[in-house]
Structures are given as C-alpha cells and as structure tokens.
Amino acid sequence: MSAKLIDGKAAAAQLRSAIADEVTKFRAATGRAPGLAVVLVGEDPASAVYVRSKGKATIEAGMESFEYKLSADTPEAELLDLLDRLNADPAADGILVQLPLPAHINANKVITRIDPDKDVDGFNPVNAGRLAIGLHGFVPCTPLGCLKLLRAELGDLSGKSAVVIGRSNIVGKPMALLLLGDSCTVTIAHSRTRDLPAVVRQADIVVAAVGRAEMVKGDWLKPGACVIDVGINRLDPAEPGGKGRLVGDVDFASASQVAGAITPVPGGVGPMTIACLIRNTFVSAARRAAFRYGKDL
Ligand code: GUN
C-alpha cells in the first residue's frame, strides 16, 4: 500500500470535541442545551442502529436528544402533525426523520414539512436550493463530512478536477455542489456514464457514492488521486473470501496501490457523517439563539 490512509474516525473525534467545547459555552450563555429530535418510523434494523448512534453522539456532545419511535403503520398525517409540533418546539433546534420511510408515507412531503431552519439533514428543498445558489443553509451531513476530509488532506481544492460517482439527492448532487463551491472542476458520473474508468482516470479527487461493492478499481485512478469512499456494502457471507465483510464502493486493495490518499471502510466517511450532524445541530441552536462561536466548525 502506498496511499496515505485518511483517518475519518480521528477527524470526527476532533470535530465532536471542538463542538462539545462550544456547547459548554452555549449552555453557560443561554442556560439551555441544544436539542436534536430524531424520528424513526418502523423497525428497520439498520435505521435503528443509525438512530441509536446519533442519539449517543448528541448526548456525548452535551446536547439533548429527543427520540420519537413510531410504529411502521403510523399514518402519514400523524407524522406530519408530529413535525408541526417539533417545528414549534423551542427545545428542538434540529429535527431529522430517519430514511427510508414505509412505502405508504411520501418521503418528499415529510422532508418538505420540516422547518428549513431546523432541517439539520439538509434534505428540505429550501436547503437544497440554498446550497445550489450559495446561500447559508444546512448541507447534508455525508457530503459535508467528505468535504472536510478533502480540505484537511489537500488544503485549497481550487482548480482540482473532481469526479463524483453517483447522483443521489443525499450524497452525489450536494457533493458536486460543494466541490464546485470550492472551485473544483466537477464531473458527476452515474450508471449511464460512458467509459467510467476513463472519466475517473482524469480526476485529482474521486468521491465514490454508488452503492456497488468494490466497483472502482486501482487501474481506474490517476496516480496520487485523493479517493473518498462513501459506500458501505456487506459482502455475501457465501461468496468466496467475502465472509460478510463490510466494504466500500472502491476496491481498497488495488486502489490503495495507486491513490495518494484514501478513506478506509469502515472508519472513513461514516464517523464524519455523525460528527457533521452534531455540528449542524449546534450551528442551528447557535443561529436561533444569536450565539456567536469562535471556531470554524
Ligand atoms: N438514511 C440514510 N442516511 C440518512 C441520513 O443521512 N439522514 C436520514 N435522515 N436518513 C438517512
């Protein structure tokens, strides 16, 4: 392996500790703690794990966590009523509804109902629009975490060529806009892109967010490229050599021979996603209370 390993776990711990320091000052100044309301509908096991880690990280940062667990058959109107109450609740600085939602609930309607100024996931169309035209809002946590890792690794990103593989609303599209905001020359690649290896080979920065295990190979990369792997895929335990391992969208064994720096899976982007949720929740509380903080979080 010649690539430098980008330690997302360490970067996330550092960010969470810096926020915890600011939360201490916020509590002293305002007499209250920032609060995050997390809504889980149904019993999807992966979502339950994510919600638990979000609640734990919220409390560790000195903030309040409010968890709402609704049954899988909750009517859409009931969920929308809960969001109206949370929008009006001064203790909830941040609100998020864990996705995916059961099929009878319209996720876009739900996301749109969250007050954009409490939308710490950054999924509300108002925040998507703010990001697109360069206004302050909330940026989705996973691409924000990737941007922080890239800036820490490369410094100024201006003029670099970046390829984002994947065009989801949660990762691919906001990631491309963030890189454009840092003056990269950005290409968004997707399932219909022709000759993907050739497109990836011209990039200084590669962000892989397609959800296909070990798709990006080492010989697709420009030597020295910085590779951010957003994928989390569990290999089939029946597959030879798979053993149910967690792997990314990048074939780590070959990519780490060619890349200049690369995130591992697990321990790369994942911890940064949660740290950025904590960051967005603190920023929401600070904006709502007109509390000024010194650090660049
Ligand atoms: N499901 C998968 N990722 C996310 C996320 O970042 N936020 C929410 N709310 N749901 C998700």
So which GluC sites (Glu not before Pro) in the range 34-91 end up in coil per DSSP with only 15 or fewer other C-beta atoms within 10 Å?
-> 43
With Cβ to Cβ distances under 13 Å as the rule, what net charge do the other residues near residue 83 carry (K, R +1; D, E -1)?
-> -4
Mind jotting down the three principal axis lengths of the range 152-266 based on Cα atoms? Whole angstrom, largest first.
-> 44, 29, 28
Over the Cα atoms of the range 1-107, compute the convex hull volume and normalise it per residue, giving Å³.
-> 124
Violating pairs (Cα-Cα greater than 21 angstrom) within the set 69/148; 4/217; 148/173; 25/295 | 69/148
Values of log10 I(q)/I(0), in the order q = 0.13, 0.22 Å⁻¹, for the range 206-297 under a Debye, Cα-only, solvent-free model | -0.56, -1.00
Ranked from the most accessible area to the least, with a 1.4 Å probe and all protein chains present, what is the order of 258, 283, 49?
-> 49, 258, 283
Can you give me the relative contact order of the chain as a percent, contacts being Cα pairs under 8 Å and 6 or more apart?
-> 22
Relative contact order for the range 36-105, counting Cα pairs under 8 Å that sit 6 or more residues apart, in percent | 51
Could you run the Karplus curve 6.51 cos²θ - 1.76 cosθ + 1.60 with θ = phi - 60° over the range 6-11 and give me ³J(HN,Hα) per residue in whole Hz, x for Gly and Pro?
-> 8, 8, x, 5, 5, 4
Taking the range 182-243 on its own, what percent of its Cα-Cα pair distances exceed 16 Å?
-> 51
Pairwise Cα inverse-distance average, inverted: Kirkwood Rh of the range 95-164 (Å) = 13.8
Over 14 Å, how big is the tail of the calculated P(r) for the range 124-177, in percent of all Cα pairs?
-> 56
Rh by Kirkwood over Cα pairs, then Stokes-Einstein D for the range 62-207 at 1.002 mPa s and 20 °C, µm²/s = 126
With T = 25 °C, eta = 0.890 mPa s and Kirkwood Rh from C-alpha pairs, the Stokes-Einstein D of the chain in µm²/s is about 123
Roll a 1.4 Å probe over the protein heavy atoms and report the accessible area of residue 171 in Å², nearest 10.
-> 20
Descending packing, highest mean Cβ count within 10 Å first, for 227-237, 118-128, 148-158 is 118-128, 227-237, 148-158
Please work out the average accessible area per residue across the range 197-278, using the 1.4 Å probe convention, and give it in Å².
-> 39
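The values are calculated or read from the model by the stated rules, or taken from the named source; none is laboratory data. No experiment lies behind these values; they were computed from the predicted model shown. Neighbour counts are summed over all protein chains in view; Cβ atoms, including those assigned to glycine, are modelled from backbone coordinates with ideal geometry. Note: accessible area is taken over every heavy atom of the protein model, side chains too, but ligands, DNA and RNA are not part of it. Shrake-Rupley method; radii C 1.70, N 1.55, O 1.52, S 1.80 Å.
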